Structures are given as structure tokens and as C-alpha cells.
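Everything on this sheet refers to the single structure shown next.
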Amino acid sequence: MSEKTGRAPTQRDVAAAAGVSTATVSYILSGRRDRVTPVTPETRDRVLRAVEQLGYRLDHSARSLRRRRTELVCVVYRMPDSPWVERLAEQVQAIGARSGYSMIALPLPSSPPAGPEQVPQPSALRVLRERYVDGAIVANGTLIEPDELRRLAAGGLSLVVFHDALPPAGFDVVDLAQRAALTDLVAHLLDRGHTRIGYLAHDVELAAPDDEVQSLKYRTVAAALAAAGAPLDPRLVVPGADVRERAYVETQRLLRNERPPTALISSSDRGAIDAIWAARDLGASVPGDLAIAGIGNGTEGSAIRPALTTVGLPRLDFTVPVTRLFERITAPDELPGDRIPQPWQLIVREST
């Protein structure tokens, strides 16, 4: 509250105190950096000093009503998070900041819905349904039903969805081509003589092994091995991809088996890295006694020794889909849904 006027200061007051236009004040306080003629550091400092001296506070709710935008976007992902999701969120924040946008995270539990007719996590999805955000990126393997995604898009929410099989329907779909890369991984291990292969699974893969989205990696690996005449032994399929301590314990349990696997695929790089430590602590060599491969191609896998064979994006760079989200938000007219190819690749390193 201003001592002189007895009312809350406005942007007009800030502009008068700093000797600039209200448009300049609005631009600086929005955090944007896209002006044709950039604001000088001196002007920015003068405006920010005026804001502090006057005690001005930006009214985000009023601005959202005027613009019909919240200037928030959301990254929806399945818990627990991963280096993959962390990198995606970093790029959403960095690219969004150029247009004055902030990011919130919406984690969803990894348990499957109780029944086919139920939409998962209705309280969490309220953030999307009631348009608390202008747009969202739905990360790979997230528990949102296709019908729900179509309803959200039809309601005006800008969406970019990571999904290998879903057709675009008012939103864009990022196709990772996971099946082809995972099949290449299985062929790589078979070519090296491995026919007894174990699998460190995400909990959701074991809870819903027939779910096409949540168990895509497990189903693809199992199908490729079965087609090659070397089916997965159920006794070699164990949890561990979600929790590093469990990956360590389960790997050592597999190695103590009367007929241990000669190769191990983890549904996450995180689990595979701890499997390497578990094998080495038991005196087993990697890849001599146990070849180990992960899925995801996080940054840690290339640093460990032996370096981790994995499948994933050659570089964790989501610039194209993230930029597309903000194009969709700011487009004057509705954009058609497109498929954005970002294919995974087999990345062979020392661990196999």
C-alpha cells in the first residue's frame, strides 16, 4: 500500500517512477526476452528499483483473466522421476522462460487404474481439466488414457504427448520408436551367445504385464526373445528398475541362482548401473560373467566403468517437442496434431 495514495501501487506508478512506459514495465516484469529492441540493463535496473521502492506486486490472477492465459505449463510424468524427465523439465523451463512462462510438475503414481472404465488420478488431473495451465507435455509411459487426452485437447489445452502408438488427435505425439530399438538390443545380446537373459522390471510392468503402454519395454523384450526361441524364464524376471537398492539386491539374488543369467536387461539405466555394482561386489566380471544393458540412455551410463550399453535417444535433447508445445499455445488458430519422430537407438558400450 502506497503511503502517499493509500492504495496498492500499479504498473502505471512503477512506470512513472522509472521514467518508462507501462509497456516496458509489463515486458520486464513478465520475464520475457523476445523483444525486437532489447531493454537495456540500465532500464531494467531502474524499473526493478522502482518496483522495490513502491512495494509493487504483480497480480497474476488478474493478468491471467485479461489474457485468458495462466502463463504456466506442466510436465506430467510417472513416478519416480528419472534423468530423462529431469532433462525434459529443464528444457521446458528454459524455453518457456523466453515467453514468460513458468513450469509446474505433475507426478502421477505408477500404479495402473483399477478398471478400464476409470480415468486415473482424477484429483491430480484437475490441474489439466480445469485449465490451471495453458499446456502440458505428457512424458513417456504416463498414466493418462487416450480418451482423456482427446477430451483435454478438445477443451483447448495445448498438449504434446510421448507415445509410440497413439494417433494425433488435436495434440502432437512424439514417437520414440522404442520397439525397434529394444528389438535391436535383444538381437545384440543373442548375437553374443546369450540365451539365458534376465530382466529387471519396473513395478508397474509386473503389476500390469499386459498393459500396452506401461509394459511396452517388458512386452517387447519378451516377444523378441520368444521369437528367437529363447523365451524369458519367469524366474529371471524381478523388480528393481524403480529403486536402486532393490536393483542391487535382486541382481545378486539372480547371480546366486543355481542357473544364473548370462545377460541382464534393466528397464532403466538406473537399475542397470546398480546391477553392475552388485555383480562386481560378488566378484563377477561385467561383461565376462554377466552382460548388462539398460534402457533410457541417461548421462550416468557413459561415465560408469564398464560404460553401459543402453537404448534411448542419442542425446537427451527435447528442443523440438518443447518448442512445438509453445508454438501450439501461442498460435492464433488451432494447429493440427502432428507426429514428431524422435527414434531411440541401440547404443553399444563396454558392459555387453
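The values are calculated or read from the model by the stated rules, or taken from the named source; none is laboratory data. Keep in mind that what you see is a predicted model, and the values were worked out from it rather than measured. Positions of Cβ are generated from backbone atoms using ideal geometry, with glycine treated the same way; all protein chains shown enter the neighbour counts. Surface accessibility is based on the protein's heavy atoms, side chains included, excluding ligands, DNA and RNA. Shrake-Rupley method; radii C 1.70, N 1.55, O 1.52, S 1.80 Å.
Here is how the numbers come out for the structure above:
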| quantity | calculated |
| --- | --- |
| Rough spin-label spacing in nm, given labels placed 7 Å along Cα→Cβ, for Leu282 and Arg256 | 0.9 nm |
| Estimated 222 nm signal from helices in the chain, with DSSP H stretches of n ≥ 4 weighted -39500 (n - 2.57), rounded to 500 | -12000 deg cm²/dmol |
| Linear extension gain, Arg339 paired with Arg7, 0.36 nm per residue minus alpha-carbon span | 114.4 nm |
| Shape call, the range 178-312: gyration tensor on alpha carbons, a/c limit 1.5 | rounded |
| Length-normalised contact order for the chain - Cα pairs under 8 Å, 6+ apart - percent | 15 percent |
| For the range 299-311, 3J(HN,Hα) per residue [Karplus equation, 6.51 cos²θ - 1.76 cosθ + 1.60, θ = phi - 60°, Hz, x = Gly/Pro] | 5, 5, x, 7, 8, 6, 10, x, 4, 8, 5, 7, 10 |
| Cα centroid of the range 272-342 to Cα centroid of the range 212-262, whole Å | 19 Å |
| Calculated diffusion of the chain, Stokes-Einstein form, Kirkwood radius summed over Cα pairs, 25 °C and 0.890 mPa s, µm²/s | 108 µm²/s |
| Neighbourhood charge, 9 Å Cβ-Cβ cut-off, centred on Arg328 and excluding it, Lys, Arg +1 and Asp, Glu -1 | -2 |
| Accessible-area value, Thr323, 1.4 Å probe, nucleic acids and ligands omitted, Å² | 50 Å² |
| Residue-wise HN-Hα coupling along the range 167-179, computed from phi with Karplus coefficients 6.51, -1.76, 1.60 (Hz; x: Gly, Pro) | x, x, 8, x, 9, 9, 10, 8, 9, 8, 6, 5, 4 |
| Net charge dipole size for the chain [Lys, Arg +1 and Asp, Glu -1 on Cβ; Debye, nearest 20] | 1120 debye |
| Trp277 accessible area, 1.4 Å probe, all protein chains in place, Å² to nearest 10 | 110 Å² |
| Per-residue SASA entry for Glu250, accessible area with 1.4 Å probe, Å² rounded to 10 | 20 Å² |
| Of Met103, Tyr248, Pro146, farthest towards positive along the dipole that unit charges on Lys, Arg, Asp, Glu beta carbons give the chain | Met103 |
| Charge dipole magnitude, Cβ of K and R +1, D and E -1 - the range 178-312, Cα centre, debye nearest 20 | 340 debye |
| Candidate residues Ile273, Ile347: accessible-area rank, largest first, probe 1.4 Å | Ile347, Ile273 |
